[in-house]
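The structure appears right after this line, and notes come after that.
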Amino acid sequence: MQLMKSSYTELTAPGRGYVTDLLKPDETLDMLETYGFAVTRSPSATVSAEDAHREMAAIRADLGLGDPYVPLLYRDRDAPIVTEVTRKADSDHPVFHTGAAQGWHTDGLLEAIGTIKTTLLYCVRPARGGGRTFLLNAGRVFDELRAEDSEAAGILLRDTILGRRSTIPGVDREAVGPVFAELGDGHYATRYGQGQVEHWYPKDAAEQKVLDRALAYFTARRDDPDVRIDLLLRAGQCLIFRNDVLAHGREHFTDDSRHPRLLLRSLHTDAPKRTA
Ligand SMILES: [Fe+2]
């Protein structure tokens, strides 16, 4: 079954071919099965936040996604199930509500590997400048590392190697687990990241060297367009991607303060599937 694959055969989708019609969910599913992501386009030229919520509900229904999942980090914080990603002066969140770049990561800081399988990012209003979303076929890079340096790959499979720690002030929580886990058929789930939240736990200096080798491999590979794609979402476009197999990040952006960038995000524990 294609959807369980983490090592997608292709990632890049040149040109505009990756934008699919919201009203043709089969096209969207074909894209997701091949690339691990798809972008839908609203039938309307302009969209409001209300339109976006309605279209996200339609996408969830078309792709067999259940209700949005509230991550452990946001339980008890009165978090909405569909989050606004926009600049907010009064927010304590270190990433959602700033225009700063966001390093490579997977969503679900405290969740076990593979828990959050799908992320939806709906663009209501793009930034004035910047704000591209980056996707990395992490499973494929890991597969290549395993072929070239099995010792370095092995350390990323260990379930005590990577802690991810909250950077929200006053929230002192960390979850430890592997960077990759085998799903079967040679494919992998991932919680790869190299940003502000990662804490690495090699056992000794020798292991530190092996780990450094593994992470350097990712650093060297992740700008290669064979395994990475950069997307600038336009108003009315929704990016759907497999959060359990692709890592992602964001370019910094600048806003028009009267019309700030607004994306809506929802997370799902289901993988997209055909509902018809
Ligand atoms: Fe994210």
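I need the full set of residues from the stretch 256-276 which are part of a loop (DSSP other than H, G, I, E, B), within 16 Å of the ligand (Cβ to nearest atom) and within 19 Å of Q102 (Cβ to Cβ), in order please.
Just the residues of the stretch 256-276 that are part of a loop (DSSP other than H, G, I, E, B), to begin with: 257-258, 260-261, 269-276.
So of that shortlist, the ones also within 16 Å of the ligand (Cβ to nearest atom) come out as 261, 269.
Passing the criteria: only R261.
Considering the stretch 176-217 alone, what residues qualify as being loosely packed, with under 14 Cβ neighbours inside 10 Å and either of a type in the set (K, R) or within 17 Å of E144 (Cβ to Cβ) (or both)?
Result: E182, D185, G186, K203, K209, A216.
Given (1) hydroxyl-bearing (S, T, Y); (2) within 15 Å of the ligand (Cβ to nearest atom); (3) over 22 Å from G99 (Cα atoms), identify the lone condition not met by T167.
(3)
Can you pull out every residue in the stretch 115-164 that is of a type in the set (F, W, Y), part of a strand (DSSP E or B) and away from the ligand (no atom under 13 Å from the Cβ)?
In the first step, residues of the stretch 115-164 are kept if they are of a type in the set (F, W, Y); the result is 122, 134, 142.
So of that shortlist, the ones also part of a strand (DSSP E or B) come out as 122, 134.
Residue satisfying the conditions is Y122 alone.
Would you say T86 is β-branched (V, I, T), more than 18 Å from the chain's Cα centre (by Cα) and modelled with pLDDT under 90? Working first, answer last.
Values: β-branched (V, I, T): yes; more than 18 Å from the chain's Cα centre (by Cα): no; modelled with pLDDT under 90: yes.
So T86 does not fit the description; no.
Quickly run through the stretch 32-46 and pick out the residues that are among the aliphatic types (A, V, I, L, M) and buried (at least 21 other Cβ atoms within 10 Å of the Cβ).
Going through the stretch 32-46, the residues among the aliphatic types (A, V, I, L, M) turn out to be 32, 38-39, 45.
If the condition is that a residue be among the aliphatic types (A, V, I, L, M) and buried (at least 21 other Cβ atoms within 10 Å of the Cβ), then L32, A38, V39 are the ones that fit.
Among the residues of the stretch 233-255, what is the count of those that are within 16 Å of the ligand (Cβ to nearest atom) and either of a type in the set (S, T, Y) or not in a strand (DSSP E or B) (or both)?
Residues of the stretch 233-255 within 16 Å of the ligand (Cβ to nearest atom): 233, 238-253.
Imposing the further condition that a residue be either of a type in the set (S, T, Y) or not in a strand (DSSP E or B) (or both) reduces the set to 233, 243-246, 251-252.
Result for the stretch 233-255: 7.
Which residue out of K273, K209 is over 22 Å from A127 (Cβ atoms), without any contact (Cβ under 8 Å) to a residue 12 or more places away in the chain and of a type in the set (K, R)? Working first, answer last.
On the way: K273 fails: without any contact (Cβ under 8 Å) to a residue 12 or more places away in the chain.
Matching residue, one of K273, K209: K209.
Could you tell me which residue of the stretch 209-232 is farthest from G184 (Cα to Cα), considering only residues that are touching a strand residue (DSSP E or B) at 6+ places or on another chain (Cβ under 9 Å) and outside any strand (DSSP E or B)? Quick ask: steps written out before the conclusion?
Pass one, the stretch 209-232, residues touching a strand residue (DSSP E or B) at 6+ places or on another chain (Cβ under 9 Å): 211, 215, 218-219, 221-222, 227-232.
Then drop every residue that is not outside any strand (DSSP E or B), which leaves 211, 215, 218-219, 221-222, 227, 232.
Numbers: L211: 24, L215: 23, F218: 22, T219: 26, R221: 24, R222: 24, V227: 21, L232: 33 Å.
Looking at the filtered set, the residue picked out is L232.
Out of the stretch 29-50, which residues are over 23 Å from L136 (Cα atoms) and touching a residue at least 24 places away in the same chain (Cβ under 8 Å)? Let's see the steps before the verdict.
Going through the stretch 29-50, the residues over 23 Å from L136 (Cα atoms) turn out to be 42-50.
Once the filter is applied, which keeps residues that are over 23 Å from L136 (Cα atoms) and touching a residue at least 24 places away in the same chain (Cβ under 8 Å), the stretch 29-50 yields S42, S44, A45, T46, V47, S48, A49.
Checking the conditions here, which among L65, L72, L110 is under 16 Å from I168 (Cα atoms) and modelled with pLDDT of 85 or more? Let's see the steps before the verdict.
Numbers: L65 fails: under 16 Å from I168 (Cα atoms); L72 fails: modelled with pLDDT of 85 or more.
Among L65, L72, L110, only L110 is under 16 Å from I168 (Cα atoms) and modelled with pLDDT of 85 or more.
The values are calculated or read from the model by the stated rules, or taken from the named source; none is laboratory data. All values reported here derive from a predicted model rather than from experimental measurement. Note that we place each Cβ from the backbone using ideal geometry, even for glycine, and neighbour counts take in every protein chain shown.
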